[in-house]
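The values are calculated or read from the model by the stated rules, or taken from the named source; none is laboratory data. Nothing here was measured: the structure is a model prediction, and the numbers come from that model. Counting neighbours? That spans all protein chains shown, and the Cβs are built from the backbone with ideal geometry, glycine included.
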Amino acid sequence: MKKIFIAFLGLLAFTINAQAQKKSGAIQFESVIDPVAVAEASGRQIPEEMKARMPKSIKANYELLYNATNASFMPVTETEDSNSGGGGRPGGGFRFGGFGGGANREYYYTFADQKVVEVFDMMDTTYIMPTKLAVTANNPMNNMGGRNNNQNNSAVQFLNVPPTVEVIKTEETKKIVNLDCKKVIIRTTRKAKVLDMEKDVVEETVLWYTNDLGFNFSPMPNLWTEGAVLAIEIKGGGTTAKSIEYRGVSTKDVTAPKKAVAITPEQYQAKMEAMMARFRNNNNRQGATGRVN
């Protein structure tokens, strides 16, 4: 009986140790996008000669580091595409979690208070901006492929009406990096004019999430319902966790930089609008100069 008790204690200690090891590790993600498919899915009409110049696919790799209290998510390699064979800035091109404001972004998560901050460079300054895990209608996916409500080259003209978002839970499951994941569908319905006829344009994004890791996370904070999202699927591409390694992760690797300048989402939006206004004014001046000459 004593031997059985000792064996039980040994098994219990082994189990506790194994669970403790899973509280810290690194997950490698890969994103793959077909830019032509994404653009056409958004209603853009792309000339054949432009299609020939566009890459067949764009790939980028990212790493999630986590320990018992914090996590970080950031690009780790250069972007590659099937036409050029690589090159460019680290994390450039297609980027889950960094659409519309530059690809080279980092995210830091604090589990205790469920806080998420975004760190990025803009005009030679490193900024830190609070964000949150949520499902929002205005997530970066809605701007993929250069979508704009007033695009002249698009057969779909989106109206200035708030979209509706529906979260659909399913019973479908699968394993990703040997973790049990559940499927949820995010369905977004937008009012649009398609060839001058008003219609509802429905888009679906699939998330695969797990509760086995014990914390909340998504490669795109604006695409999250619960748990840790290990895969995002859209028409024309997606991002998926490819491997996981349970190992020690230091606190400094999952802590946001202290020297970054704090900025609110409203201040960031104002800066972006000012930059776009200057860009338009410069283009107008250059056009006017060209006409005079």
Test: residue in the range 125-135 that is modelled with pLDDT of 95 or more, assigned to a strand (DSSP E or B), over 26 Å from K242 (Cβ atoms) and touching a helix residue (DSSP H, G or I) at 6+ places or on another chain (Cβ under 7 Å): yes
Cβ-Cβ under 8 Å pairs, at least 6 apart or on other chains, the range 176-189 side without any contact (Cβ under 8 Å) to a residue 40 or more places away in the chain, far side among the polar types (S, T, N, Q) and outside any loop (DSSP other than H, G, I, E, B): D180/T173; D180/T210; K183/T170; K183/T173; I185/T170; I185/T205; T189/T164
Residues located in the range 177-226, provided they are touching a Leu at 6+ places or on another chain (Cβ under 7 Å), among the aliphatic types (A, V, I, L, M) and modelled with pLDDT under 90: A192
Residues located in the range 28-56, provided they are under 25 Å from V202 (Cβ atoms) and outside any helix (DSSP H, G or I): S31, V32, I33, D34, S42, G43, R44, Q45, I46
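Out of E204, E233, which single residue is under 26 Å from P162 (Cβ atoms), in contact with a Lys or Arg (Cβ under 6 Å, 6 or more places away or on another chain), assigned to a strand (DSSP E or B) and acidic (D, E)?
E204
For residues that are of a type in the set (A, V, I, L, M) and surrounded by fewer than 20 Cβ atoms within 10 Å (Cβ to Cβ), scanning just the range 199-233, find the one that is farthest from V177 (Cα to Cα). Break it down into steps so the answer makes sense when it comes.
Taking the range 199-233 as the starting set, the residues that turn out to be of a type in the set (A, V, I, L, M) are 201-202, 206-207, 213, 220, 223, 228-232.
Going one step further and asking which of them are surrounded by fewer than 20 Cβ atoms within 10 Å (Cβ to Cβ), we end up with 201-202, 206.
Values: V201: 34, V202: 31, V206: 18 Å.
Only one residue fits best here, namely V201.
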Residue count for the range 221-271, restricted to those that are more than 18 Å from the chain's Cα centre (by Cα) and closer than 24 Å to P35 by Cα: 0
